[in-house]
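The structure appears right after this line, and notes come after that.
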Amino acid sequence: MTIALSGAAFGARDSGFDTRWRRHAMLLAGVWAALLILFHRDVGDLATIYWTNTTFGHCLFIAPVVGWLVWQRRAELALVRPTAWWPGLAVVAGGAGSWLLGDAAGVALFRHLGLMVMLQGAVVALLGPNVVRALLFPLCYMILLVPFGEWLEKPLQDLTVAILVPLLDLFGVPAHVDGVLITTPNGYFEVAEACSGAKFVIAMVAYGALVGNVCFVSWPRRIAFMAMALIVPMIANGLRAFGTVYAAWLTSVEAATGFDHILYGWVFFGAVMAGVLALGWKWFDRDPDAPWFDATTLQGRWPGTAAMPALVAATGLFLVSLFIAFAGVVAARADTLPARIALPQVAGWTQAPLSSRATWKPNFPGADHFVIGRYGDGMGAQVDLAIAVYGSQREGKELVGFGQGAIRENDKWVRIADLPPLDGGKALRMTAPATGGGAVEREVVTWYLVGDTLTGSDSRVKAETLKAKLLGGRQRAVAVLVSAEKGDLPTRAAIKRLLGALGPIDQVADRAAAGN
């Protein structure tokens with residue numbers, strides 16, 4: 001039986017959406033509008049990220065694509081009967097729970113994901129499982145409105161270097177590699193986060209998923225296309241980086257890097273997208289005129305169907321409001337801090353002026369207190385100590401966040417490489433231009449104290465913050481950073497000398513938070 005015939009059997013609804021459909025759609029639109037208003041701060045954050053962060057600029061196109069995907073399914077969709085469905089409220093509650101966890105822990109990913117799941121849950125609750133099955137891919141595609149994937153930058157930096165260096169050797173370009181820094185006789189290059197290809201790979205996830213749904217039916221072919229859509233840009237980005245360094249070797253750094261930015265921004269991404277599509281074209285197996293789903297299979301009755309969709313909508317919004325209220329209670333928790341804090345006195349060490357070769361100041365913009373100073377032991381060791389103290393954490397006042405810590409966003413300091421941890425603290429090596437020419441290199445070791453837990457892990461900080469917010473206890477959070485410039489004395493040796501005199505870091509952090 002064709003869909004056209006089944007439409008006659010269902011009351012000739014193939015001519016358009018009936019009154020029931022319009023009623024449910026209006027309720028859904030009202031609930032979505034209410035959710036967007038209730039979570040306007042997160043909506044504003046997402047809009048800002050889409051517009052200002054080039055890594056997620058592709059998200060501006062996701063919502064129109066979702067609308068187009070639904071529009072493509074409109075003829076068959078009109079044949080599926082919408083029903084309010086009580087179990088769908090569990091999805092709404094799950095999204096609200098994710099938002100609460102993200103708000104308490106200061107994890108934007110969970111907040112944004114929670115908002116998106118609440119919007120999806122509203123569809124489940126107000127249109128029912130049959131409509132959800134009909135719109136499964138567009139609903140799932142909405143998840144790509146959540147900015148994610150920045151963690152790919154470091155591994156992709158390493159991969160780009162791993163592709164670039166052998167090619168330089170192959171083409172006879174002498175190069176010295178130090179972490180993500182590459183030096184040739186006529187140039188100095190950094191494989192920065194922006195050059196890692198992460199933004200390209202993240203965008204290709206959205207592109208590959210869309211093409212896989214629109215152009216393929218076979219799951220093995222979909223999976224193969226998605227794999228190609230991820231692997232090809234990674235390799236291509238390594239080739240692009242090699243081309244930049246090689247062009248600089250043949251011409252000049254200025255000419256090569258200027259051309260590279262134009263090529264990468266306007267041509268390269270489009271060329272790789274077109275190339276991936278061309279490679280997969282031969283294996284497209286979906287008929288462009290084929291229906292997106294068979295409406296005759298989506299007419300079953302489900303337990304939990306509600307006779308009053310307005311009541312389901314109101315209940316969903318009430319559930320969400322409970323989570324928002326609890327988030328307000330959690331956010332109000334805070335410890336009392338002293339009016340000021342000071343650097344500790346360290347036996348055998350005296351305070352000295354900060355370095356003027358390349359100024360360094362860790363970035364903790366939401367801290368209630370921040371101090372930094374330099375210590376010398378009179379035997380050649382010069383070590384910097386920085387302490388940031390928070391009475392509590394909330395949006396805009398997180399101990400760990402993007403562009404915070406030893407290196408700020410768009411800083412003159414550049415991460416060279418991560419180093420082995422020191423006494424539980426995470427360590428990195430970084431460099432910056434020196435005043436008067438040359439470069440300065442330094443090692444930085446970072447510890448965080450949240451509640452009673454000392455750690456160097458960003459994810460552990462978030463977990464302990466969440467624990468303190470939800471379960472109560474000490475809300476104060478402290479960051480301690482110890483750093484030394486590269487000189488006659490190895491940086492790690494100098495840092496260990498200060499740590500030996502300073503004492504346990506958790507006690508240093510506790511005393512700082514207490515004002516002692």
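The values are calculated or read from the model by the stated rules, or taken from the named source; none is laboratory data. Keep in mind it's a predicted model, so treat the numbers as computed, not measured. For neighbour counting, all protein chains shown are included, and Cβ atoms are generated from backbone atoms with ideal geometry for every residue, glycine included. In case anyone asks, the SASA skips ligands and DNA or RNA and just uses the protein heavy atoms, side chains included. Shrake-Rupley method; radii C 1.70, N 1.55, O 1.52, S 1.80 Å.
What nm value, rounded to one decimal, do you get for the distance between Trp86 and Ala29 when each label is placed 7 Å out toward the C-beta?
Roughly 2.9 nm, to one decimal.
With the full set of protein chains in place, find how many percent of the accessible area of the chain is carbon and sulfur; take the probe as 1.4 Å.
Working: 15770 of 24070 Å².
Carbon with sulfur: 66 percent of the solvent-accessible area.
Determine the gain in length on full extension of the stretch Ile324-Thr19; use 0.36 nm per residue of separation and subtract their C-alpha separation, reporting nm with one decimal.
106.4 nm
Between Asp506 and Arg74, how high is the FRET efficiency from 1/(1 + (r/R0)^6) when r is the Cβ-Cβ distance and R₀ = 60 Å? Nearest 0.05.
The computed FRET efficiency comes out at 0.50.
What distance in nm separates the simple spin-label points at Ala307 and Ala162, each placed 7 Å from Cα in the Cβ direction?
6.3
Determine, from the Cβ-Cβ distance of Lys486 and Lys154 and an R0 of 22 Å, the FRET efficiency 1/(1 + (r/R0)^6), rounded to the nearest 0.05.
Numbers: r = 22 Å, r/R0 = 1.00.
Step by step, r from the Cβ atoms, then E = 0.50.
Once both axes come from the Cα atoms, what is the angle between helix 505-514 and the longest principal axis of the chain, in degrees from 0 to 90, rounded to 10?
80
Between Ala514 and Leu109, what is 0.36 nm times their sequence separation minus the Cα-Cα distance? Round to one decimal in nm. Mind showing how you got there, number by number?
Details: separation 405, 0.36 × 405 = 145.80 nm, distance 3.23 nm.
That pair, Ala514 and Leu109, stretches by 142.6 nm at full extension.
For Ala332 and Trp281 in one chain, what is 0.36 nm times their gap in residues minus the Cα-Cα distance, to one decimal in nm? Walk me through the numbers before you get to the answer.
Numbers: separation 51, 0.36 × 51 = 18.36 nm, distance 5.59 nm.
Contour length minus Cα-Cα distance gives 12.8 nm.
Rounded to the nearest 0.05, what FRET efficiency do Ala224 and Thr350 have when you use their Cβ-Cβ distance and R0 = 56 Å? Could you put the intermediate results ahead of the total?
Details: r = 65 Å, r/R0 = 1.16.
Efficiency, from the Cβ-Cβ distance: 0.30.
Take Glu409 and Thr54, extend 7 Å from each Cα along the Cα→Cβ direction, and tell me the distance between the two endpoints in nm.
1.4
Output the peptides 452-464, 172-184 sorted from most to least packed, where packing is the average of other Cβ atoms within 10 Å over each peptide's residues. Please list the in-between numbers first.
On the way: 452-464: 17.8, 172-184: 15.5.
Result, highest mean Cβ count within 10 Å first: 452-464, 172-184.
Which angle from 0 to 90°, rounded to the nearest 10, does the C-alpha axis of helix 458-471 make with the longest principal axis of the chain?
Computed tilt is about 70 degrees.
What's the magnitude of the charge dipole for segment 334-396 around its Cα centre, counting Lys and Arg as +1 and Asp and Glu as -1 at the beta-carbon? Answer in Debye, nearest 20.
Values: 5 positive and 5 negative charges, 39 e Å.
That gives a dipole near 180 debye.
What's the center-to-center distance, using Cα atoms, between segment 474-516 and segment 360-406 in Å?
10
What value, in deg cm²/dmol to 500, does the helix sum -39500 (n - 2.57) over DSSP H runs of n ≥ 4 give at 222 nm once divided by the residues of the chain? List each step's numbers first, then the result.
Working: 17 runs with 256 residues, N = 516.
The helix contribution divided over the chain gives -16500 deg cm²/dmol.
Where nothing but the Cβ of Lys and Arg (+1) and of Asp and Glu (-1) is charged, how large is the charge dipole of the chain around its Cα centre, in debye to the nearest 20? Don't skip to the answer; put the middle values down first.
On the way: 42 positive and 38 negative charges, 243 e Å.
In total the dipole reaches around 1160 debye.
Under 8 Å for C-alpha pairs, at least 6 residues apart: give me the relative contact order for the chain, rounded to a whole percent.
14 percent.
Angle between the Cα long axis of helix 198-215 and the longest principal axis of the chain, 0 to 90 degrees, nearest 10?
With both axes taken from Cα atoms, the answer is about 10 degrees.
Tell me, what ³J(HN,Hα) does each residue in segment 68-85 have, in order and in whole Hz, if you take phi through Karplus 6.51 cos²θ - 1.76 cosθ + 1.60 with θ = phi - 60° and put x for Gly and Pro?
Result, ordered by residue: 5, 4, 5, 4, 4, 9, 4, 5, 6, 5, 5, 8, 9, 7, x, 9, 5, 9 Hz.
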